[in-house]
Structures are given as structure tokens and as C-alpha cells.
Amino acid sequence: LLEERLGLAAAWQAAHLVEEPDLYKYSTEDNIKSDGYPGLTTLYCIHEVYFRVRDPSNPGVSIIGLPNGQEFATAEGDFGFGQLDQEGYSIGTQLNIWTWMRESMAMLSRASTKTSGILTGVVQTVENAEEGHVGNKTMCKHPALRARRVPLPTFSGRVLREMQEKLCAKEKIERPPSTALWLCLDGKKTDWAMAQRIARRIADPGYTLRQFHADLSAFPELHLYLLEETPKAATDSKSSTGISSGRTIGDEYQRTIGAFFAIYWMMRLDIDGKRGFCNGVDADWKPVCLDKDTDQSVMFPEKRAAFENGAQWAAFQRLLIKAGLFEERKRANPFRSETMLVVNPDRVVSMLAITAIHDIMKMNLILPTVSRSHSPYHGYGGGDIVGDHDHALSYVMDHYADALPSYRDLSPTEKRAVQFSQCDLCFNHGWFVQAEAPPGAIFTKFREALIRDHKSQICQSDIAFYFVHWLTDLAGSEPTPLAGCEKFVTKFPLVVLNSFLRSFEFVEKIANHTETEVVEEYLKVRWLEAEPSLGPLPVGPCAITRMRLLCMAQVSAASVLKGFDALSFEDREVLCTEMSLTGCACQSFSSDLIPQDVVSPLVGPAFLVYYGPAFLQGLGNDSPVARLMVLAELYRCARSLWPASIARVDLNVTIRIDIIKTLSVEAIKEATMGGDAWVLVKHNEREAFVERSSRKKLNKMIAASAKFQVVDVSCL
């Protein structure tokens, strides 16, 4: 039964399930009116069989929604691609979506439904896929089991049947870059009138989340999220493509809807968006209000309340304005100047369009193949299937835009913004927010992408658009859209998110400013906005270093800055010099903020101490002076391996300190007392690693002419 109904192979069952024979029950219910055969009374023979999952945290049981108790899907009949026979689907082919529930509620559910099995209660059953009919909705009304996922579209069965028939047709014309992509979207058009209606109404108080969800059918690419693969381990199938016969189907759809909901809530922050973003919605799809509702279904209410109270909502709104989703207009008022926010429908439609298509290439069935005339493309040669889903979508947008209905009809300006949101900027946001890296390491590749790939046509609003898409995509990355933006609200450190939000408006300026100008302005603002206040901006040769240490140390900033003042002259000079280099040709920080010998001549390379912030933030019982002494010694060793040179002014070298980032100063010293040494080993022209070395290993490195420096910790 488990193999037939849930698609769980016998080998999988043996590995992950244990039957509890003592709990087996048998009962009958006679003279029951049948839902399946109206007018006939039925005798039900009920077998209750109990299984225990051996290890709910084992990755192998994720296919049945564990360990988080998520919904999962099963298919009865043939939904697989490449296996359709001449007779088509048999009557009764259906798609089932199952939900976990507590045992006590399972008993209640049995009173109202005759569905039984390893999970009690079918949440949604799409019966008779020939007609795409939806039936048997058995939703649990108990507050502790509030639905967290949206139902799959009511037309799921019909859409799957249509796509399968096209893909399995004996006579089909191969069409680049992906025949499957063309066939699945053949004849499909985006309903632009409905898309515009969404955009115009999205900030209307009367426009509900349920209406918004229904209107998303305007984007035909959403059907593609039903094309998820069959997990081999559970089905023991030889075929690796097709609709899942159980388990993961719909997860990418749920994540995409979650990203849509994030857009909806962010555009309504002054209405009900904050509550929806933080708390999700109730059974009527209305935002949950924690201070009024005693709804036990809301998980982590304390975290949600803290997020709602502590999030920088003004920064969210500023980002939306910068991205052009809102426009500021003057309100007609003869007595005082006022502005109001007005939705920009075209820009909102573009955001909805990129959200609809962003992850479609996670469906391996439709991945494109690179044409020889387009190769190489991001490392892929002619005839290669583009496996990276971001590059795959970019390839289709670059060369086969007509294949995507929700992209091809956008204006050239909006196409450019959407395409830019897909590009690989090689941008590490943490490096910028924490001032972990010099300007060149942070922004040079970013600027190269703007100039080389987009011919300097990208403006600040397009970069802001990129970050709005990044935010909403991450906000919806949990497949539980009705529970709010759980990734941010319950799993992402609020202080980090707020730092990201604050930094976006600076990153946007890279379109019109140099790397060093953007970083310097950001450092100054972080200093002036520090709490408690640190006073006026620092000046002098150590100013940039002080501002970088503030960002790197975060909550430990006050202690680290005091420790910096207590350093020896030699260590302080090393830090001031090395942390003031930019790694950019013809660029330096303002001359009154750095040592004069850094201003001229400009030299390199500049060093990025990878995990430097983590090393300073985790002070524990350590003296901040000792930590800074270690940091200075690492810079000193790095400079010995890479002597300063004018020719290397635009080179950025990474110093990896992974091995010591969580160690206390005492632990670092103890390693040397037993005869070992800490060494900085040059692995290549752009990277060096801190390693712990025995004397034997040290001798081998010397014999092999390895380039390294011993890190002197004797003075700690």
C-alpha cells in the first residue's frame, strides 16, 4: 500500500520505517453514504496500521516532508513524462497532496473522512486529471494546524496532462534551446491586462491577498513549477525525469508564491503588509495580529513580534522608491508641501514577471542547450546543457526571449532591468556591510559587469530593482507562503538584515561613483549612525581603519576601538597602512583619512582578511588588544609574501583565517607551546591560508620551497 499510494519503494521503507504491530486496529462502518458512489450505502473495512520513522532528521525522509512536517504530493496513475500510452490517462488519475497532523487531531479527522494511511487526511486531491476537476478538500480547522502552503492551482491536472501529451508526442519538431520549454509554453500568453490590474490595485486597501493569488494566473510560466523530478531513492525508478510520484512536487511553486506574497506585503507596508510579512495569514487569508489573536498556529511568536518592532521598515520603503516601484508625487495642498507615494504599474509588472520566471530552470526537463554559435556561454560550450539555473534563464533571455511570454513583451527598458536582476555580479554583500574587504575586492567585478555586460546602461534604479528582487526571492525561500516571510522573520538575524537594508542605497551608487567613493561614504555614515554615539567623524591617518574596525567588530566595536588605541605604535601603523589600501588603480581614500605614504605612490596588493569580522566579533574573554595584535601580525606576514608594488595596485589578495576564527587567544598560544607553529602559506598568487604546522611539516615545506611565513604569537 505504501508503495502504491505514496510511491515509497520497499527498500526505502525498510531503511526508514518501523511498523508498530501492537497498535494495529481493525474496524468496520456499515450503511455509510458513499461520496464516490452517490446513492449507494457502503460498508467500510478500516485497517489502521502504524509506522514509526526511524530518524526524522535523516535526509532520506525529506521526500515525505520531514523533519518540518511539510506537505508533500503523490500521484496515482501516470503523470510521468515519456511514458504516455496511446490510450492516454486512465480514469481516476489523480494528484494528491498530503499533510502531517498531530495524532490527537488525526482522531478528529477520521470522524469526517474515510481517508486513511500513513498520513491522516488529504488536503487537496485533483481527481480525474482528464477533466482537471478538484475534489475532496479535507482541511483541518484546528488552530494548531493552520495551513502554511497555498493549494496547487485547481487546473493542475489539466495542465499536466496537456504538457505531457505534447512532450510525449511521437512527431515533435526539435526546437532550440529547449524543445520541452517551447512545447510547455506553446500557445501560452501572458495576460498583460490582468498583470496591469494587479499592479494598479496592489496598494489598494480593498485588494486582498486571496484576490492577488488568484490573479497570478496571468503568468503562464507558473505552470512550469509543476515539472519537478522524481526522487530515485524512493521510487526506485529507472527514469529520472518527470512529475514526482510523491513528495516534492509543488515546493518550487510554493517558494515562488512566497516571493510574490513578499512583493504584495512590501507594497502595502502602510496598510497590512507588516503584519502579513511577519505573521502570515489566518484561515481567511487575513494578516494575523499577534496582540489580538491567541492563534496557537503561529510559530515563534516572540521572533515575529521582535521583527515587526525592530525591522527598518522605512528602509524597505526607500528601496521600493529607489527601484521605481513607487513614485513620489506632490499632493495638492495649498497650505503645506506634501508628497504621496503612487504605484508605478510598469515597474511593478516587471517585478512580478521576473518573480514568475526566476526559478523555472530548476525544472531540469526544460534546461536549454547552448548553440554552437553562442558558445562559450559562462563556461558552457556548444551542445552543453546549461546546468546552472540562473545562467540557464539568462541564456534564454539573451538569445531566445520569445520562448518566455512574461519576458518577451516587456519594454526594452524593463527588459534590461529584469535581465540585470539575473546576472552574476560576483558581489559579496557581507564584505561590504562588515567592511571586511578593500573596495576593489568588493566592487571591481560588479562595475565590470555594469560596463562590460550592460554597456553602462544600468542606472541606480536598476540596481535597486536587483536588490528588491533579491530580498523578495530570499523572503519566499521557505515553501510556506501563508506563514509570512519566515526566512527573514524567524531564521535571519534582524541586525544583519537591517545592515543589508541600510547598505543598499550606497551600493546603488556604484552606477555613478567609483568603488572607493562608495565605500568611504558608507563608512562615514556607519560611524555617524553608531549607537551609542561615537562622536564626530575621525580624521587623521587612522580614520579609515577606525571606521572599518567599527563595521567589522559590530557589537564588540566599543571594546575593539579602545583596544586599537592601546596598541603599540608598530602594530597600529601596520593596521592603518594595510587597511587603507583600496585594491583599485588610480583610487585612494580621502587624503585626510589615511597615512600620507599610502596616498602616493599607490601600491598593492590590498588584503582581504577572510573571517576578520568573525575573529573580532567573537571576543569572549579575550583582550581586544591581543586580537588586534594577531590581526596586525597576519597583515605583516602577508606583506612579506606579497611585497608592495606599483604594478600590483589593482590586485586583491585573500588571507584565509578559517582555522583560527573561533579560537581564543589562549588556544592560539597553546598550540605553539607543544612545538607546533602557526604559518601563513601562500597557495597561489591571490590566496594564502593560516595553517597549524608541526616541525616535521615545516621542514617538508622548506624542502619543497613552499612560500610561507611563521606567524609570531610569542608576544601575546
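The values are calculated or read from the model by the stated rules, or taken from the named source; none is laboratory data. Please read these numbers as outputs of a predicted model, since none were measured by experiment. Note that we place each Cβ from the backbone using ideal geometry, even for glycine, and neighbour counts take in every protein chain shown. Heavy atoms of the whole protein, side chains included, go into the accessibility calculation; ligands, DNA and RNA do not. Shrake-Rupley method; radii C 1.70, N 1.55, O 1.52, S 1.80 Å.
With the whole protein complex present, TYR26 retains an accessible surface near 120 Å², based on a 1.4 Å probe. Full extension of the chain segment joining ALA15 with ALA214 gains 67.5 nm, where the gain is 0.36 nm per residue of separation less the Cα-Cα distance. Measuring with a 1.4 angstrom probe and ignoring ligands and nucleic acids, TRP313 comes out at about 30 Å² accessible.
How high is the FRET efficiency from GLU174 to ALA558, r the C-beta distance, R0 60 Å, rounded to 0.05? Don't skip to the answer; put the middle values down first.
Values: r = 66 Å, r/R0 = 1.09.
In this case the efficiency is close to 0.35.
Considering only GLY604, ALA671, ILE594, and ranking their Cα positions along the charge dipole of the stretch 582-716 that arises from unit charges at the beta-carbon of Lys, Arg, Asp and Glu, the one farthest toward the positive end is ALA671.
Round to a whole number: what % of the accessible area of the stretch 531-570 belongs to carbon and sulfur, probe 1.4 Å?
Values: 1220 of 1960 Å².
C and S atoms contribute 62 percent here.
Using a probe of 1.4 angstrom, how much of the accessible area of the stretch 268-387 is carbon and sulfur, in percent? Please report the intermediate quantities before stating the final value.
Working: 2900 of 6030 Å².
Ligands and nucleic acids excluded, carbon and sulfur give 48 percent.
Within the stretch 490-588, the GluC sites (Glu not before Pro) that combine a DSSP coil assignment with at most 11 other C-beta atoms in a 10 angstrom radius are GLU529.
Given R₀ = 41 Å, what would the calculated FRET efficiency be for LYS697 paired with LYS189, taking r from the Cβ atoms and rounding to 0.05? Efficiency for this residue pair is about 0.05. In this label model, GLU521 and LYS303 are separated by 3.5 nm, measuring between points 7 Å along each Cα→Cβ vector. Sequence-distant contacts, meaning Cα pairs under 8 Å at least 6 residues apart, place the relative contact order of the stretch 471-625 at 20 percent.
Loop-resident trypsin sites (Lys or Arg not before Pro) (DSSP state other than H, G, I, E or B) in the stretch 603-659 with no more than 11 further Cβ atoms inside 10 Å of their Cβ are absent. Using Cβ point charges alone (K and R +1, D and E -1), the dipole size of the stretch 547-674 about the Cα centre works out to roughly 220 debye.
Which whole-number percent of Cα pairs in the stretch 376-465 have a distance greater than 23 Å? Of the Cα pairs, 33 percent sit more than 23 Å apart. Were the residues from GLU685 through THR28 laid out at 0.36 nm apart, the gain over their Cα-Cα distance would be 228.9 nm. Per residue, the solvent-accessible area of the stretch 524-638 (1.4 Å probe, heavy atoms of protein chains only, all protein chains present) comes to 39 Å². Full extension of the chain segment joining MET340 with TRP313 gains 8.0 nm, where the gain is 0.36 nm per residue of separation less the Cα-Cα distance.
Cross-link list LYS524/LYS562; LYS415/LYS509; LYS274/LYS362; LYS322/LYS487; LYS445/LYS562; LYS669/LYS697: which exceed 26 angstrom alpha carbon to alpha carbon? Show your work: numbers first, answer last.
Numbers: LYS524/LYS562 19 Å; LYS415/LYS509 21 Å; LYS274/LYS362 30 Å; LYS322/LYS487 24 Å; LYS445/LYS562 35 Å; LYS669/LYS697 19 Å.
Over 26 Å apart, Cα to Cα: LYS274/LYS362; LYS445/LYS562.
Over what distance in Å are the Cα centres of the stretch 549-579 and the stretch 488-535 separated? After rounding, the separation between the Cα centres reads 20 Å.
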